[in-house]
Amino acid sequence: MKNVYIANDHAAVDLKNELCDYIESLGFHVVNLGTDEKTSVNYPEYAEKAAKAVLADQGSLGVLICGTGIGMSLAANKVHGIRAAAVSEVYSAKLTRQHNDANIVCIGARVIGPETIVEAFLTTPFEGGRHQKRVDMITDIENRESK
Ligand code: RB5
């Protein structure tokens, strides 16, 4: 069963709890990396923790939730090998799997339609083909930047 690593900040505890059950119902195994408290935390810590968990578990995917999804995506994308997409509708959730081979989806707890976005992301495979070349180009930028 494919693992899905989920993490969130204080803005998204209730939504995260709902999504854990929902994602399990889609046939995935959920690993909850917190936070489970509504006291203020710093989203980059959770983004990094989930990003590293996804990288360490080949074939797994990640779901990051903050108020908008944007802070989580900015932080997760600092981890080499992560392609984290902040999305707010289903079409982009599907296409970022098909074309970008995104390994993390970032959503906003204060944005509408989170269940359908998460389902589209988790159940849509990467298309490969002509898109692989472009994903490889993203990795090339990352590798050149780290020198
Ligand atoms: C927390 O107030 C908020 O800044 C955070 O959840 C997120 O939206 C940041 O991008």
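Quick one: would you say residue 50 is touching a residue at least 60 places away in the same chain (Cβ under 8 Å) and surrounded by 15 or more Cβ atoms within 10 Å (Cβ to Cβ)?
So residue 50 fails the test.
Taking region 12-30, which residues are of a type in the set (Gly, Ala, Ser) and surrounded by fewer than 20 Cβ atoms within 10 Å (Cβ to Cβ)?
Step one: filter region 12-30 for residues of a type in the set (Gly, Ala, Ser), giving 12, 25, 27.
Once the filter is applied, which keeps residues that are of a type in the set (Gly, Ala, Ser) and surrounded by fewer than 20 Cβ atoms within 10 Å (Cβ to Cβ), region 12-30 yields 25, 27.
Which of the residues that make up region 66-75 are out of contact with any Gly (no Cβ under 8 Å at 6 or more places or on another chain) and within 8 Å of the ligand (Cβ to nearest atom)?
At the first step, the residues of region 66-75 found to be out of contact with any Gly (no Cβ under 8 Å at 6 or more places or on another chain) are 71-75.
Of everything in region 66-75, those that are out of contact with any Gly (no Cβ under 8 Å at 6 or more places or on another chain) and within 8 Å of the ligand (Cβ to nearest atom) turn out to be 71, 72, 74.
Where residues in region 101-123 are surrounded by fewer than 17 Cβ atoms within 10 Å (Cβ to Cβ) and away from the ligand (no atom under 16 Å from the Cβ), which of them is farthest from residue 18 (Cα to Cα)? Lay out the reasoning, then the answer.
Going residue by residue through region 101-123, those that are surrounded by fewer than 17 Cβ atoms within 10 Å (Cβ to Cβ) are 110, 112-113, 115-116, 123.
Narrowing further to those that are away from the ligand (no atom under 16 Å from the Cβ): 113, 115-116, 123.
On the way: 113: 13, 115: 9, 116: 13, 123: 18 Å.
Per the criteria, the residue is 123.
With the checklist (1) at pLDDT 95 or above; (2) away from the ligand (no atom under 13 Å from the Cβ) in hand, flag the one item residue 86 doesn't pass.
(2)
So is residue 88 of a type in the set (Ser, Thr, Tyr), in contact (Cβ under 8 Å) with a residue 12 or more places away in the chain, out of contact with any Asp or Glu (no Cβ under 6 Å at 6 or more places or on another chain) and not in a helix (DSSP H, G or I) or not?
Details: of a type in the set (Ser, Thr, Tyr): yes; in contact (Cβ under 8 Å) with a residue 12 or more places away in the chain: yes; out of contact with any Asp or Glu (no Cβ under 6 Å at 6 or more places or on another chain): yes; not in a helix (DSSP H, G or I): yes.
So residue 88 passes the test.
Residues 49, 78: which one is away from the ligand (no atom under 12 Å from the Cβ) and not in a loop (DSSP other than H, G, I, E, B)? Steps first, please.
Details: 78 fails: not in a loop (DSSP other than H, G, I, E, B).
Just one listed residue meets the conditions, 49.
The values are calculated or read from the model by the stated rules, or taken from the named source; none is laboratory data. Not measured: the values here are computed from a predicted model. Cβ sites come from the backbone with ideal geometry, for glycine too, and all protein chains shown count toward neighbours.
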